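Peer 1: Can you keep this structure in mind? I'll have questions shortly.
The values are calculated or read from the model by the stated rules, or taken from the named source; none is laboratory data. Here the structure is a predicted model, which means the values were calculated and not measured. Note: ideal-geometry Cβ built from the backbone for every residue, glycine included; neighbour counts use all protein chains shown. Side chains are part of the model used for accessible areas, which takes the heavy atoms of the whole protein and leaves out ligands, DNA and RNA. Shrake-Rupley method; radii C 1.70, N 1.55, O 1.52, S 1.80 Å.
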Amino acid sequence: MRRILGKVIALGAAMAVLAAACGGGAQPQASASAAATATAATKPKFELATYMYSIQTKGKIRVGTREDNVPFGLKNPTTGKYEGFDIDIVREFTKAIFGKDADADPDKFIEFVPVVSATRIPTLNDNKADIVAATFTINDERLKQIDFSTVYFRTGQKILVKKTTTNINAVADLNGKTVCTAKGSTSEQNITKQAKDAKLLLLDTYPPCLLALQQGQADAVSTDETILFGLVKQDPTTKIVGGYFSDEPYGIGVNKGREGFVPFLNSVIAAMVADGRWAAIYKKYITPVSGDVKDGPHDKGRPAS
Ligand code: GLU
C-alpha cells in the first residue's frame, strides 16, 4: 500500500512537471500552424519556443542509438526492427511528443541514427540527432559538451572472461592482460585509471570484443555489467567476475541549448517510473539477462520470481 501511495504521489508530481513543460496544458497556442490545429485533438500542445514543438512540427524525432548492444539497442537482423531497453524508453518520449497518432506505432515518428560509443557526442554536436539513447553515462567531462536528462538507468563496470579463466577476479588482475572495450567509452577510461598496465584492445562496439575473447586475442572484456549480461547470454562459456569498480548512471544525451527539452524528458522519465512503464520495460529486456526485477533506476532490485 505504501508503495502504491508513493507511486500515486510521484505520478502526480510527474504530471505537474509535464504540464509545466508543456506550457500549462490547457492554454491553446495562438499561432499554431494549420496542420497543428487540424490534429490538435490528438497532439500534445507545447510552447512555440520549445524544442518539443520544433520536433513535433518536423514530424520526426531523430534518435541516436546502438544497433548491436543487447539488451539496450539492437537492430534485429531478421525483422529490421529496433528493440531493447533504450529503444522502448525512446518510444515513450515519442508518444509524449506526438500523442495518440504515435500510440500504435511510434517508430513511424522516429528516425534512427546509428551510433557507437565514440560517435555519441559528435552526433549531437553536429545536429545529426535530437537525442542519444545509448547506454550513455552522465559525467562532468561529457556535461561540458552536451546536456543530459536525469538518470534513467544505473549500472557499474565489471569484467567478462572465459569460464576457464581463474587468474582474473578483480580490476587489478587486468594489469599485464589484454582487455577489450569500446573506444570513447567510460569503460576505456576506467581501465586506464584503475589497471594502468593493462593492454587495451579498443574496438567500436562490444560484440567484436566478445569475438576477440573467444579467439584468444583478448584475456578479458570490460564494460557495464548489464552489457556484459547480454554477452554472457550470447556465449554461456563466459562469466562475469568481481564487483563493480565504477558507477555508470545513464542519461539521455541532448545538444546544449534545446529550449525546455531536458525538463520535458525528465518529466516523461518520472512519469514512466511512477506509473510502472519503466518497470515493464525493465522486465521485458533486462530481467531475461539479469534475473532481477526493479521499479526504477534507483531501485536495488530483487530476484524475479
Ligand atoms: N556507459 C558507458 C559509456 O557511456 C560504457 C558503455 C558504452 O560504451 O556505451 O561510455
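Peer 1: Given a Förster distance of 41 Å, report the FRET efficiency between Q234 and K100 from their Cβ-Cβ distance, rounded to the nearest 0.05. Kindly include the intermediate steps, with their values, before the conclusion.
Peer 2: On the way: r = 38 Å, r/R0 = 0.92.
Taking R0 as 41 Å, the efficiency between Q234 and K100 is 0.60.
Peer 1: Explain nothing, just compute: Karplus ³J(HN,Hα) = 6.51 cos²θ - 1.76 cosθ + 1.60, θ = phi - 60°, for every residue of the range 66-79 in order, whole Hz, x for Gly and Pro.
Peer 2: So the J values, rounded to whole Hz, are 8, 10, 9, 10, 5, x, 9, x, 9, 9, 4, x, 7, 8.
Peer 1: Can you check what the Kirkwood hydrodynamic radius comes to for the chain, Cα pairs only, in Å to one decimal? Working shown, then result.
Peer 2: Details: mean 1/r = 0.0491 Å⁻¹.
Hydrodynamic radius (Kirkwood, Cα pairs) of the chain is 20.4 Å.
Peer 1: So which aspartates and glutamates pass the test for K58, namely a Cα distance under 17 Å, with those fewer than 8 places away in the same chain ruled out?
Peer 2: Those aspartates and glutamates meeting the cut-off are E47, D101, D107, E111, D130, E259.
Peer 1: In Å and on Cα atoms, what radius of gyration and Dmax does the range 167-305 show?
Peer 2: Rg then Dmax for the range 167-305, in Å: 17.3, 51.
Peer 1: Here's another thing I want to ask about it. Using 0.36 nm per residue of separation minus the Cα-Cα distance, give me the extension gain between K162 and N139 in nm, one decimal.
Peer 2: Values: separation 23, 0.36 × 23 = 8.28 nm, distance 3.08 nm.
So the extension gain works out to 5.2 nm.
Peer 1: A follow-up question, please. Considering only DSSP states other than H, G, I, E and B, which trypsin sites (Lys or Arg not before Pro) in the range 206-262 qualify as loop sites with at most 13 other Cβ atoms within 10 Å?
Peer 2: Numbers: sites: K233, K239, K256, R258; in loops: K256, R258.
Qualifying residues, ordered by number: K256.
Peer 1: Would you mind checking which residues have amide H under 5 Å from T238's amide H? H placed 1.01 Å from N; only 5 or more apart, or other chain.
Peer 2: Correct list: K163.
Peer 1: Moving on. Residues with amide H under 5 Å of V113's amide H, sequence separation 5 or more or different chain, H placed in the peptide plane at 1.01 Å from N; which?
Peer 2: V63, G64, T65
Peer 1: Ranked from highest to lowest mean number of other Cβ atoms within 10 Å per residue, what is the order of the peptides 218-227, 245-254, 270-279, 196-205? The partial results should precede the final answer.
Peer 2: On the way: 218-227: 26.4, 245-254: 22.2, 270-279: 19.9, 196-205: 16.2.
Answer by packing, highest mean first, reads 218-227, 245-254, 270-279, 196-205.
Peer 1: Calculated FRET efficiency, Q214 and N169, Cβ-Cβ r, R0 22 Å, to nearest 0.05? Intermediate results must be reported in sequence, preceding the final value.
Peer 2: Details: r = 20 Å, r/R0 = 0.92.
So, using R0 = 22 Å, E works out to roughly 0.60.
Peer 1: Among the lysines, which have Cα under 16 Å from the Cα of K75 when same-chain residues fewer than 8 positions away are ignored?
Peer 2: Cross-link targets: K108.
Peer 1: Right, next: Keeping all protein chains in place and using 1.4 angstrom, which order do T135, T237 fall into by accessible surface area, from largest down?
Peer 2: Working: T135 10, T237 85 Å².
Sorted by accessible area, descending: T237, T135.
Peer 1: Moving to a separate point now. If you stretched the chain out fully between H298 and K128, how much longer would it get, using 0.36 nm times the residue separation minus the C-alpha to C-alpha distance?
Peer 2: Numbers: separation 170, 0.36 × 170 = 61.20 nm, distance 3.09 nm.
Value of the extension gain: 58.1 nm.
Peer 1: If you don't mind, another one. Express the carbon and sulfur contribution to the solvent-accessible surface of the chain as a percent, rounded to the nearest whole number, probe 1.4 angstrom.
Peer 2: Details: 7840 of 13720 Å².
Looking at the chain in its full context, I get 57 percent from C and S.
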